[in-house]
Amino acid sequence: MARKIGSRYTAHQILGRGSAGTVWLGEGPDGPVAVKLLREDLSSDEELVGRFVGERTALLGLEHPRIVSVRDLVVDGNDLALVMDLVRGTDLRTRLERERRLAPEAAVAVVADVADALAAAHAAGVVHRDVKPENVLLDMDGPLGPGNAHPALLTDFGVAKLIDAPR
């Protein structure tokens, strides 16, 4: 069942659920996107919404090949959503659960990609604060690297920082 997110996006299918909300496969004016719809209890917290909107510039300005880009932030009624580039693949946690381990060359490539993403974020003054396998996406459409590793992209910038911030 399709769900309208703001005036520009439609969420079609759930891709996954996390502690902060649900990620949907969506459609926007420029094609497919991932839409992270925050939990209703979070989106109804006025202070959190204010901090979330305040982080808009940093999140939208964070552009790097190893970072999942945030394209838009939607605050509409009870909906609070991040609209991001769609990465076709899986997260590192799922891959490790399925395969138990990565080849050493692939592990080094994934860590190098994540380190590259973190260096770029830190240079832009953005702190992730929630680096974990679930927040590392493996891009199945990207070129294979050492050890047949798919490019690793870091996602969920700012969300953990905003949720965990002192009140």
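Take the conditions assigned by TED's automatic domain parsing to the domain that holds residue 40, surrounded by fewer than 16 Cβ atoms within 10 Å (Cβ to Cβ), at pLDDT 85 or above and under 30 Å from residue 12 (Cβ atoms) and apply them to residue 143. Does it pass?
When the stated conditions are applied, residue 143 does not pass them.
From the list 149, 117, which residue is out of contact with any His (no Cβ under 7 Å at 6 or more places or on another chain), outside the structural domain of residue 49 (by TED's automatic domain parsing) and of a type in the set (A, V, I, L, M, F, W, C)?
149
Looking at the structure I just gave you, is residue 124 of a type outside the set (D, E, K, R), under 27 Å from residue 8 (Cβ atoms), surrounded by fewer than 20 Cβ atoms within 10 Å (Cβ to Cβ) and not assigned by TED's automatic domain parsing to the domain that holds residue 11?
So residue 124 fits the description; yes.
Go through segment 135-155 and count every residue that is aliphatic (A, V, I, L, M), under 14 Å from residue 106 (Cβ atoms), out of contact with any Pro (no Cβ under 9 Å at 6 or more places or on another chain) and outside any loop (DSSP other than H, G, I, E, B).
So the count comes out to 2.
Looking at (1) outside any strand (DSSP E or B); (2) in the same structural domain as residue 156 (by TED's automatic domain parsing), which is the one condition that is false for residue 52?
It is condition (2) that residue 52 fails.
Right, residue 138: over 14 Å from the mean Cα position of the chain (by Cα) and surrounded by 18 or more Cβ atoms within 10 Å (Cβ to Cβ) or not?
Considered against the rule, which asks whether it is over 14 Å from the mean Cα position of the chain (by Cα) and surrounded by 18 or more Cβ atoms within 10 Å (Cβ to Cβ), residue 138 comes out as no.
Can you name the residue in segment 105-128 that is free of Cβ contacts under 8 Å to residues at least 40 places away in the same chain and touching a Phe, Trp or Tyr at 6+ places or on another chain (Cβ under 9 Å) and, of all such residues, is farthest from residue 36 (Cα to Cα)?
Here the answer is 127.
Residues of segment 3-26 being in a strand (DSSP E or B) and surrounded by 18 or more Cβ atoms within 10 Å (Cβ to Cβ), which ones?
5, 9, 11, 21, 23, 24, 26
Each row is one residue, and each column tells you yes or no for (1) of a type in the set (Val, Ile, Thr); (2) at pLDDT 90 or above; (3) over 29 Å from residue 10 (Cβ atoms).
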site: 86; (1), (2), (3): no, yes, no
site: 89; (1), (2), (3): no, yes, no
site: 100; (1), (2), (3): no, yes, yes
site: 109; (1), (2), (3): no, yes, yes
site: 114; (1), (2), (3): yes, yes, yes
site: 131; (1), (2), (3): yes, yes, yes
site: 136; (1), (2), (3): yes, yes, no
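Consider residue 7 against the criteria (1) within 24 Å of residue 94 (Cβ to Cβ); (2) at pLDDT 90 or above; (3) not hydrophobic (A, V, I, L, M, F, W, C): it satisfies all of them except one. Which criterion is unmet?
Evaluating residue 7 over (1) within 24 Å of residue 94 (Cβ to Cβ); (2) at pLDDT 90 or above; (3) not hydrophobic (A, V, I, L, M, F, W, C) leaves (1) as the failure.
So, restricting to strands (runs of 3 or more DSSP E) that lie completely within segment 66-134, which ones have at least 1 residues that are polar (S, T, N, Q) and within 14 Å of the chain's Cα centre (by Cα)? Outline the logic, then answer.
Details: elements: 70-76, 79-84, 89-91.
In segment 66-134, the matching strands (runs of 3 or more DSSP E) lie at 89-91.
The values are calculated or read from the model by the stated rules, or taken from the named source; none is laboratory data. For clarity, every value in this text was computed on a predicted model and none was experimentally measured. Note that we place each Cβ from the backbone using ideal geometry, even for glycine, and neighbour counts take in every protein chain shown.
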